[in-house]
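Colleague: The structure's right below; bear with me while I get my questions together.
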Amino acid sequence: MSSLFPILGAAQNYAWGKIGSQSAVARYAHDNDPSLSIDESEPFAELWMGTHPKAPAVISNDKSKKLSDVISSDPEKYLGQSVISRFGSKTELPFLFKVLSINKVLSIQAHPDKSLGAQLHAKDPDHYPDSNHKPEMAVAITDFEAFCGFQPLDQIDALLQKIPEFHQLVGADLAQKYHVGISKSSLSKNDKKKLLQAVFGQIMKTPEDVVAKYAANMVARTNQQPEVFGSVLADLIQRLNQQFPGDVGLFCGCLMLNHCFLKSGEAMFLQAREPHAYISGDIMECMAASDNVIRAGFTPKFKDVETLVSSLTYSTDPVEDQKQKPVAFSRGSGDAQFALYDPPIDEFSVLQVKFDSKKGNVATMKGVDGPSIIIVTEGSGEIAAKDEKAQKAETGHIFFLAPRTEVVMSSKSTDAPFTLYRAFCEL
Ligand SMILES: NNC(=O)[C@@H](O)[C@H](O)[C@H](O)COP(=O)(O)O
Ligand SMILES: [Zn+2]
């Protein structure tokens, strides 16, 4: 088997995905495997590209063979010794690479760190299929909207003081305790986090029918007194109430989490145990190899409120601190721009390669000492492992690249810039 070969990803039809060919996931999956028909009434939410057993990638010209089968045939060649020693597997990639195409808000969720992942998997393997952690990074393909992390304590307090339904749901005593406590210099950072946890927990543990009553009143207020919320928040509450009427996410998401917007090419990194929910747009997403999701709102899926409330870090970092700024990729050269998103974990980094068709059409990437998955998200061209035959590389095409393989890319695009994303693990 060559060091660079085409693979097929696997689509997930979660309810929040964009519908039919409006979804980048459906378009990429079909472009990569024309035998796949797109049901125009179906949501296409995620395209998985990795070895995770829930939806393993297979070899394009032999769908009976999984990527993990090829890797296990020669782990040294396909993973490299450093990755095998660090992660202990001779068949699995340490990361899972995805395309998400988001029509409706995802669940208010967080992911476990390693110790909690192992505990949850041991206790409830049906809902927590992996014993691994799941830190993740989103890179915006289109403009992207999300909740990420808790708002600063005083911003939550301001909303608590001026939105009656929020104040009533939390309760006057706790709202007052929170209001006084967060501005007390004598109170430790940790004690202030406990106040935030008490407010969040109070909301999350209120019976759904009681939440729905307060939510209906709050939505009515966004129409009657939008100035109480400001236009952006009033619109957000109305929009998400359309998707999940009366849901607790209207309080714990809209009023407590940072509402952030990423332009195409911007990225954000979410450590384990940080609350988030993606709202709209198309993204590349990369994560440690795990499907462990602790959910609590905006979802028909299994919710684990107790675990979510007890496991969050309750840090309140501004969105800017969670953005993953791209840096130069010194091993890229030629007529493309290279943007490296390199989060502070070992499992993965993500590289965006974008040709500037005015400049020319050839670029090279020197090898990295670990495995890679590459997907073409725009335009068309060719790709070749150095000294090997060039392969067609069109929108939706996905490739596995073995460690230490130099790659030459050439753009054939005249209009949309030939664009590729590469996830890789290098220690
Ligand atoms: N933040 N994004 C992720 O964690 C994705 O990788 C997950 O697969 C989705 O969150 C799953 O979302 P639902 O559980 O269907 O609401
Ligand atoms: Zn997530």
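The values are calculated or read from the model by the stated rules, or taken from the named source; none is laboratory data. Predicted model only: the values in this text are computed from it and were never measured. Cβ atoms come from the backbone with ideal geometry, glycine included; neighbour counts cover every protein chain shown.
Colleague: If we keep just the residues of region 95-117 that are surrounded by fewer than 24 Cβ atoms within 10 Å (Cβ to Cβ) and of a type in the set (Lys, Arg), which is farthest from ligand 1 (Cβ to nearest atom)?
Modeller: Filtering region 95-117 for residues that are surrounded by fewer than 24 Cβ atoms within 10 Å (Cβ to Cβ) and of a type in the set (Lys, Arg), the one farthest from ligand 1 (Cβ to nearest atom) comes out as Lys114.
Colleague: Return yes or no: is Ile141 touching a residue at least 24 places away in the same chain (Cβ under 8 Å), buried (at least 16 other Cβ atoms within 10 Å of the Cβ) and more than 16 Å from ligand 2 (Cβ to nearest atom)?
Modeller: Spelling it out, Ile141 is indeed touching a residue at least 24 places away in the same chain (Cβ under 8 Å), buried (at least 16 other Cβ atoms within 10 Å of the Cβ) and more than 16 Å from ligand 2 (Cβ to nearest atom).
Colleague: Residue by residue through region 296-312, note down the ones that are within 16 Å of ligand 1 (Cβ to nearest atom) and of a type outside the set (Phe, Trp, Tyr).
Modeller: Ala296, Gly297, Thr299, Pro300, Lys301, Lys303, Asp304, Val305, Thr307, Leu308, Ser311, Leu312
Colleague: So, in region 169-211, how many residues would count as being of a type outside the set (Asp, Glu) and closer than 18 Å to Gly249 by Cβ?
Modeller: 15
Colleague: So which residues in region 209-259 are part of a helix (DSSP H, G or I), aromatic (Phe, Trp, Tyr) and in contact (Cβ under 8 Å) with a residue 60 or more places away in the chain, if there are any at all?
Modeller: First, the residues of region 209-259 that are part of a helix (DSSP H, G or I): 209-224, 226-228, 231-243, 249-252.
Then drop every residue that is not aromatic (Phe, Trp, Tyr), which leaves 214, 251.
If the condition is that a residue be part of a helix (DSSP H, G or I), aromatic (Phe, Trp, Tyr) and in contact (Cβ under 8 Å) with a residue 60 or more places away in the chain, then Phe251 is the only one that fits.
Colleague: Checking Gln271 against (1) touching a Ser or Thr at 6+ places or on another chain (Cβ under 9 Å); (2) near ligand 1 (Cβ under 9 Å from one of its atoms); (3) closer than 16 Å to Cys148 by Cα, only one condition comes out false. Which one?
Modeller: For Gln271, the failing item is (2).
Colleague: So, in region 37-62, exactly how many residues are over 23 Å from Ser290 (Cα atoms) and either in contact (Cβ under 8 Å) with a residue 12 or more places away in the chain or within 16 Å of ligand 1 (Cβ to nearest atom) (or both)? Steps first, please.
Modeller: To start, the set of residues in region 37-62 that are over 23 Å from Ser290 (Cα atoms) comprises 37-42, 60-62.
Subsequent filtering for residues that are either in contact (Cβ under 8 Å) with a residue 12 or more places away in the chain or within 16 Å of ligand 1 (Cβ to nearest atom) (or both) retains 38-42, 60-61.
Of the residues in region 37-62, 7 are over 23 Å from Ser290 (Cα atoms) and either in contact (Cβ under 8 Å) with a residue 12 or more places away in the chain or within 16 Å of ligand 1 (Cβ to nearest atom) (or both).
Colleague: Are there any pairs, at least 6 apart or on different chains, whose C-beta atoms fall under 9 Å, with the first in region 271-294 and within 23 Å of Arg27 (Cα to Cα) and more than 10 Å from ligand 2 (Cβ to nearest atom) and the second part of a strand (DSSP E or B) and charged (D, E, K, R), and if so, which?
Modeller: Ile279/Glu145; Ser280/Glu145; Gly281/Glu145; Asp282/Lys18; Ile283/Lys98; Met284/Lys98; Cys286/Lys98; Cys286/Glu136
Colleague: Got at least one residue in region 276-293 being more than 13 Å from the chain's Cα centre (by Cα) and within 14 Å of ligand 1 (Cβ to nearest atom)?
Modeller: no
Colleague: Continuing with the same structure: Can you confirm whether region 178-190 contains a residue that is closer than 22 Å to Ala277 by Cβ and modelled with pLDDT of 95 or more?
Modeller: no
Colleague: Would you mind finding the one in Val407, Val350, Val368, Val327 that is touching a Ser or Thr at 6+ places or on another chain (Cβ under 8 Å) and either in the same structural domain as Ser89 (by TED's automatic domain parsing) or at pLDDT 95 or above (or both)?
Modeller: Of Val407, Val350, Val368, Val327, the one residue that is touching a Ser or Thr at 6+ places or on another chain (Cβ under 8 Å) and either in the same structural domain as Ser89 (by TED's automatic domain parsing) or at pLDDT 95 or above (or both) is Val407.
Colleague: I'd like the residue in region 139-170 that is more than 21 Å from Leu308 (Cα to Cα) and small (Gly, Ala, Ser) and, out of all such residues, is nearest to the chain's Cα centre (by Cα). If you could, list the steps in order and put the result at the bottom.
Modeller: Taking region 139-170 as the starting set, the residues that turn out to be more than 21 Å from Leu308 (Cα to Cα) are 139-145, 154-155, 157-165, 167-168.
Applying the additional criterion that residues be small (Gly, Ala, Ser) yields 140, 158.
Details: Ala140: 10, Ala158: 29 Å.
Only one residue tops the list, namely Ala140.
Colleague: Within region 72-145, which strands (runs of 3 or more DSSP E) (wholly inside it) include 2 or more residues that are within 21 Å of Met49 (Cα to Cα)?
Modeller: So the answer is 95-102, 136-140.
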